[in-house]
Each structure stands twice: as C-alpha cells, then as structure tokens.
Amino acid sequence: MRNTFLILLLSVATFSCSNSSKKETKQDKMEVNQEIKNKADEFASFKLTTDLSVLSEKEKQMLPLLFEAAKIMDDIFWQEAYGNKEELLGKDWDEYTRKFISINYGPWERLHNNEPFLPGFGAKPAGANFYPADMTKAEFDAWEDETKTSLYTLIRRGEDGELKSIPYHVAFKEQVDKASALLKQAAELAEDPGLKNYLEKRAEALLTDEYYESDVAWMEMKNNTIDFVIGPIENYEDQLYGYKAAHESYILIKDKNWSVKLEKYAALLPGLQKALPCEPKYKNETPGVDSDMNVYDAVFYAGDCNSGSKTIAINLPNDERVRESKGSRKLQLKNSMQAKFDKILVPIAELLIAEDQRSHVKFDAFFENTMFHEVAHGLGLGNTVDQSTTVREALKETYTSIEENKADILGLWCVYQLNEMGELGDKDMMDNFVTFMAGIFRSVRFGAASAHGKANMMRFYYFQETGAFTRDETTGTYRVDFEKMKQAMLGLSETVLKIQGDGDYETAKKMIDEKGNIREALQKDLDRIGEAGIPRDIVFEQGPEALGL
C-alpha cells in the first residue's frame, strides 16, 4: 500500500513538472507586444538598498515583519485601484505586459491620462474601485449618509441595489487583522520607545480606522532609525471626489548625518508662515512646532506610492488637526531622489535647457526644491478663511492638483525666502530656478491623470504667460529670466493661497480646465524627450533580496 502511494505521488509530481514545463515554454514563445514593451522600458530600474550596519540586531529582525505588512497594503491598494489582481495578472501576458500592468496597478496607463493599454478595457472610472462603477454623482450627492465622505469607507451597493458605506477595517478585515498582528510583533522588538508606541497605536488604528492617536505618536518619534509608513493615506486615486484614502507603505532607514543638517529649518516654519506672499487672512494659522525634517534611504514602496511615478519626498500626516497641534514631518528619500536626478533630470536639462544655463542644474538645488515642496504642504491654511470647512473638502476633486501646485511654487519661494534671510549660506538662486524649470519637464510627463502632472502643466503655462522663460525656436531650448521668474513665483503663490483660503472650487476648476492639459507645442518637446530615450520614471528592484536578507 505504501509503495502504491509513493508511485502515485511520483506520478503526480511528474505530471505537475511536465505541465509547468509546458507553461514555461508557452510563456517563452509568447509574442511580445512591442508597443507595451517600449512603454515598460521607459521606466529605468533602480535597486533600493542601504547600509544595514546602522541597524541593531533587533531592528534587523523587525524588517521581515514590516516587509510582510507592507505587502498587505500593496494587495489592498490593488483592490482599491482595480479589483482582482490575480485574475488580471493570471492571464497569458508576455513579461513586458505583465511588468507594465504591475507598474500601473491595472490596465490603465497612469502617466498617459489613465488611458487603457489592454484590449477589452474602457476608460478608468474616476473613482477607481472606491465606488460602484454604475454610480452617478447625482446619486451620490442625493444619498444621505454621514460616512459617505469619510476617507476610510468603500461605497458599495447592497442587495437592494441601494448605496452603502463600508468601513475599511470591515471591507478589508482579513488583511488588516494580519497587518495589525505583524505590527504588534514588530513593536515587541522595537528598542526605541517612540517607534514602539507608534507601532502599537498604528496596529490598533488599522483595526478601527481611527488614525489620530497613531498620527500623533508618529509625530512624536524623534530618535528612531527605522521609519515605517503604513495605512490609507493619500487621496490621489479618488479622482471622482478626492474623498477616499488609498493604502500604501514605505520602509525607510534614516540617514542621521544628512538629517542633522536639516534640523534648524523646522524651527523656521512659523516665520515662513508669517512671511507668505499673501494677505494676512490667508496665513492666519500657525504651523505646529513639532515639525521636523529628516533624510532617509527608502528600501521598500508598496501600494499607492509605488504606482506610476514614484514618490521622492513625503509630508505627513494629512490630518489637519495633527498639523495644527503638532505640525508635520518632512521625509526626503535621498536614494530615490538621486536616481531621478541622474537618470531623468540631467538628461532632460541637456536636451531642453539653454546650454549656458545647464551648469545651474544641480542635485543640491533639486534636493532643496523637493524638500521645501514638502515643507510648503504645511504652510497656508488647512481650513477655509470663514472656518466653514477644510480646504480639502471645499475644493473636492480639484484639491490634490491645487495642493501640489501650491507645494511646488511655495517650496521654491521657501528657498528664496530663506536665502534672503541668510539661512542658506552663499547660494545662487539661479541654480534653484533653472533646476525647477527642468523639473517641470520631468513631472509634466506624468500626464493629466496625475495631480503632480496637472500642477506642473498649470505652472508651465503660468510661467509662459508671465515671461518667466523664453524658448529659442532654433535650438528648441528654454532660458529662465531671473527677475520674471521671481515675480511669477510670488504671483502664483498668492493666487493659489487665495484659492485655498476662500475654498474657491470654481476658480480652482477653471485653472485646471484652462491650464491643466498639455498643449501641442509643449507636447512636441515632450516627444523629443521620449525620442531621446530618456526614462519617464523609475521602477524598483526592492525587497529582502535587494537588501541581501
């Protein structure tokens, strides 16, 4: 009987191996979709790694738990952005199509206005998978439910066909239960009290969708080497209303030497708020005094932050209550930032910036512009001037694009203002202006489906209208005019701060409609970038294997 069982087992194994070989052969022979291969090849590969010798043994033991929890956020984001990941990826695609699906978390090209790139798919729903595909705005607006605008609910149809609101911790119960347990295990290993407290509170928050206490705990962490961002955070994915937060995660290792250099800037935030180039009523809030800035190497991205264009700096938390009492933390992801500068920004500058101004494109300027972009997210107002609502709620789906526009232009203003105050040493602001201009061409390639892409389009056309740059028709290169760029910076800063403070949805929508699209002349220059083979963005080799674990 035992011998019979062994023979049967060997037969099954042989059959399985045979089938596996057939599948591999089929995959090897599958015809490559050249168009999609070209699109996938526009993403330059970059390995996320760092020096793990800065971690203690217990911190190294924490990493596998954090990786596993982060991957759960990735799975949840797939459901929010598209739906059934296994069903889509399980089809017989060639390796490049599979890669491009993974980059985009679905069949829609994020950096090309969310246009479908797979057969059989129509336009991406504006509300992604947060809402029923057949739901209309009129139906949602007429529906009376106090939780429908919550950051942390999915909208679905009940058996009766009526809309219903499901809390994330219920909709994704199996996943968040597991992620919470992993965070609790990691907390047991944590030697830093601040990190331990945060992990414990975040573990509970995942089970309740009550994130305030864990956000405060995250703000109070000061001495941790590992930083871990996890949960439903940004609302870029919801382009229907901008209400719903999408799940994501980062695993970060602090660069303490670089971080020390930035410590002094956090104390200057209240002064920057008071000096904003706008009427007093549009800056009548005080940033929290616990704000800090740190520099990290990213070792893992998951979910929303890993889709399409990759984040190179973070400003969190988004909760206006925490920002008012505690401020926010600005995290600069130095290794990812350096990759984008070397692989994308420098080649763009060599193609599109006037030859005698290319020497002004510098990593330090790129780092400063990016860092103070995150600082600027914490400036201005979180609530409208009349205190009737938050800016986020007032501007609805326009909020993310207007907010990114504000952060970009105010970030540049922050560098200018600090330089005027003598806080940046002997700096040539032309470095920041020219690097900023080159950066527009990098980010505008993200497309009109991206809040960052729209923000850069609006700024490009504002600069064009005000003469901040000129274009040489013979060479096809752009030249920055220092004085006009400065005036454009001040003017656009004032305009955006006013839109936000007034909660002026109509003006925000008009700005996006008029300037948030790529016109023909700009598209021709973007086509030149593509024809030169300059990457559109980066894609990561990441995970335990990349770290040598």
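See the values below:
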item: Lone qualifier among GLU279, GLU248 - being buried (at least 19 other Cβ atoms within 10 Å of the Cβ) and at pLDDT 95 or above; result: GLU248
item: Any hit, region 332-343, residues being within 16 Å of the chain's Cα centre (by Cα) and not in a helix (DSSP H, G or I); result: yes
item: Cross-chain or 6+ apart pairs with Cβ under 6 Å, region 477-488 first and on the phi > 0 side of the Ramachandran plot and of a type outside the set (Lys, Arg), then outside any helix (DSSP H, G or I) and surrounded by fewer than 15 Cβ atoms within 10 Å (Cβ to Cβ); result: none
item: Given (1) crowded, with 24+ Cβ neighbours inside 10 Å; (2) in contact (Cβ under 8 Å) with a residue 60 or more places away in the chain, index of the condition VAL295 fails; result: (2)
item: Verdict on ALA365 being part of a helix (DSSP H, G or I), within 25 Å of SER325 (Cβ to Cβ), of a type in the set (Gly, Ala, Ser) and touching a Phe, Trp or Tyr at 6+ places or on another chain (Cβ under 9 Å); result: no
item: Residue check, LYS201 surrounded by 17 or more Cβ atoms within 10 Å (Cβ to Cβ) and assigned to a loop (DSSP other than H, G, I, E, B); result: no
item: Selection count, region 318-358, where residues are farther than 26 Å from GLU42 by Cβ and modelled with pLDDT under 95; result: 14
item: Test for ALA186: is it small (Gly, Ala, Ser), assigned to a helix (DSSP H, G or I) and without any contact (Cβ under 8 Å) to a residue 60 or more places away in the chain; result: no
item: Every residue from region 55-93 that is over 17 Å from TRP108 (Cα atoms), at pLDDT 95 or above and not in a helix (DSSP H, G or I); result: LEU55, SER56
item: Single match in GLY231, GLY242 (criterion: among the small types (Gly, Ala, Ser), modelled with pLDDT under 95, over 30 Å from GLU420 (Cβ atoms) and not in a helix (DSSP H, G or I)); result: GLY242
item: Candidate set from region 385-433 (those that are buried (at least 20 other Cβ atoms within 10 Å of the Cβ) and of a type in the set (Val, Ile, Thr)); member that is nearest to the chain's Cα centre (by Cα); result: THR400
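Condition check ((1) among the aromatic types (Phe, Trp, Tyr); (2) closer than 19 Å to TYR236 by Cα) across all residues:
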position: GLY127; (1), (2): no, yes
position: ALA138; (1), (2): no, no
position: TRP143; (1), (2): yes, no
position: LEU151; (1), (2): no, yes
position: VAL170; (1), (2): no, no
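The values are calculated or read from the model by the stated rules, or taken from the named source; none is laboratory data. The structure presented is a predicted model; accordingly, all values stated were derived computationally and were not measured. So basically every Cβ, Gly included, is an ideal-geometry build from the backbone, and we count neighbours across all protein chains shown.
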